[in-house]
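One structure is given here, and the rest of the page talks about it.
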Amino acid sequence: MVLHDQPMSCLTTFRIGGCARTMLLPNNVTGLEECLKHLSGTGKEFYCLGKGSNLLVSDQGVETVLSLERLCQVDILEKRDEVIISAGAGTSLRRLVAICARRGISGLEALAGIPASVGGAVFMNAGASGVSFSTFLQEVLVVSARGSGWIAASELETGYRNGGLPPGAVAAWVKLKLKKDTPQEVRKRATGILKKRALSQPVGAASAGCVFRNFHDAPAGKIIDRCGLKGMRRGGAMVSPVHANFIVNTGDATCSDVLELIDVVTGRVKDQTGRTLKLELRVWH
Ligand SMILES: Cc1cc2nc3c(=O)[nH]c(=O)nc-3n(C[C@H](O)[C@H](O)[C@H](O)COP(=O)(O)OP(=O)(O)OC[C@H]3O[C@@H](n4cnc5c(N)ncnc54)[C@H](O)[C@@H]3O)c2cc1C
């Protein structure tokens, strides 16, 4: 399916961004291969969209977006103690966590509350409290204009917020290895994690999660907080008073507001601590 003039403010958790002039939504892997061949043939640059939870999109919008939201099938194979989940890249991580809690499948509850798609979680190697998506990844089906193929997780050079996918590759499907547990235990852990998030992050506000990468020896949020920048505003964008590594859209923030605030925060942190903040957020111009 092809859609035109889709407002990215409705497709991102930041609620910011102009329109995607063309949006391609393949129904399956074959459709995705065709899309990528077509895009490669026309030489058009494109952005791959998951759940839009780590994105800041230009107020002017972007030309071409490939959305994987229709690749959202989930298959579960239970062995004795082990469970293999196979899921399309467009599947919401929240849905997977809910399925796991219901069926007593353990592992992903550590990532409860991350509003990612499976594809975005692979690409970013989403993680929390020392657990990352790559911990559970067995294989990923990677698609490019040249075709598709499964890559074993052991072949990916994953790191902090880096899934190690080949440049330009699109993750279409994943296989995850998880463990059997009781639904009560999995639910208890997931609930605990969600409660912790609710206390430490502005979960109800429009944001894109952490804006900056943590330093190896300190969380970026702590450093920004120590510089006294919580609550700082530019237009409708504000450094969250709850968690200093979150910038929240207070209602009418533009991409320019956020970029200006990022500049000011980066400058102040550099001046006061000598440290250079690096973006975790992806910016689409
Ligand atoms: C309230 C909140 C809390 C958050 N907490 C955390 C947290 O605890 N830990 C954490 O790691 N992150 C967190 N995030 C950030 C975000 O959820 C993650 O970075 C997530 O992995 C992004 O997934 P997505 O599907 O939304 O990707 P998008 O935001 O849609 O895209 C992000 C990047 O991934 C690429 N991408 C998406 N899908 C694919 C694909 N199938 N193949 C190739 N590339 C792809 C995009 O092109 C883009 O470059 C949080 C965000 C919010 C709003």
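The values are calculated or read from the model by the stated rules, or taken from the named source; none is laboratory data. Being a predicted model, the structure only gives us computed values, none of them experimental. For neighbour counting, all protein chains shown are included, and Cβ atoms are generated from backbone atoms with ideal geometry for every residue, glycine included.
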query: Hey, residue 72 hits all of (1) over 22 Å from residue 39 (Cβ atoms); (2) at pLDDT 95 or above but one; which does it fall short on?
result: (1)
- request: Determine if segment 175-190 includes at least one residue that is in a helix (DSSP H, G or I), within 25 Å of residue 12 (Cα to Cα) and over 18 Å from the mean Cα position of the chain (by Cα).
  value: yes
query: Does any residue of segment 60-81 turn out to be crowded, with 17+ Cβ neighbours inside 10 Å, of a type in the set (Asp, Glu) and either over 20 Å from residue 172 (Cβ atoms) or under 19 Å from the mean Cα position of the chain (by Cα) (or both)?
result: yes
- prompt: Taking segment 195-238 as the search range and keeping residues that are among the β-branched types (Val, Ile, Thr) and within 15 Å of the ligand (Cβ to nearest atom), which one is modelled with the lowest pLDDT?
  reply: 203
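How many residues does segment 117-172 contain that are of a type in the set (Ser, Thr, Tyr), within 10 Å of the ligand (Cβ to nearest atom) and surrounded by fewer than 19 Cβ atoms within 10 Å (Cβ to Cβ)? Steps first, answer last, please.
Residues of segment 117-172 of a type in the set (Ser, Thr, Tyr): 117, 129, 132, 134-135, 144, 148, 154, 158, 160.
Next, from what is left, pick out any that are within 10 Å of the ligand (Cβ to nearest atom): 117, 129, 132, 160.
Now narrow it down to the ones that are surrounded by fewer than 19 Cβ atoms within 10 Å (Cβ to Cβ): 129, 160.
Of the residues in that region, 2 qualify.
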task: Using the structure shown, decide if residue 107 is at pLDDT 95 or above, over 16 Å from residue 120 (Cα atoms), in contact with a strand residue (DSSP E or B) (Cβ under 8 Å, 6 or more places away or on another chain) and outside the structural domain of residue 259 (by TED's automatic domain parsing).
output: yes
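Out of all the residues in segment 259-267, is one or more in a loop (DSSP other than H, G, I, E, B), over 18 Å from the mean Cα position of the chain (by Cα) and surrounded by 15 or more Cβ atoms within 10 Å (Cβ to Cβ)?
So far as segment 259-267 goes, no, none of its residues is in a loop (DSSP other than H, G, I, E, B), over 18 Å from the mean Cα position of the chain (by Cα) and surrounded by 15 or more Cβ atoms within 10 Å (Cβ to Cβ).
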- prompt: Across segment 103-116, what is the number of residues that are touching a Leu at 6+ places or on another chain (Cβ under 8 Å) and either more than 7 Å from the ligand (Cβ to nearest atom) or under 18 Å from residue 158 (Cα atoms) (or both)?
  reply: 7
Matching residues, segment 93-105, being crowded, with 19+ Cβ neighbours inside 10 Å and either among the polar types (S, T, N, Q) or not in a strand (DSSP E or B) (or both): 93, 96, 97, 100, 101
message: Kindly evaluate residue 208 against the criterion of being of a type outside the set (S, T, N, Q) and surrounded by 18 or more Cβ atoms within 10 Å (Cβ to Cβ).
response: yes
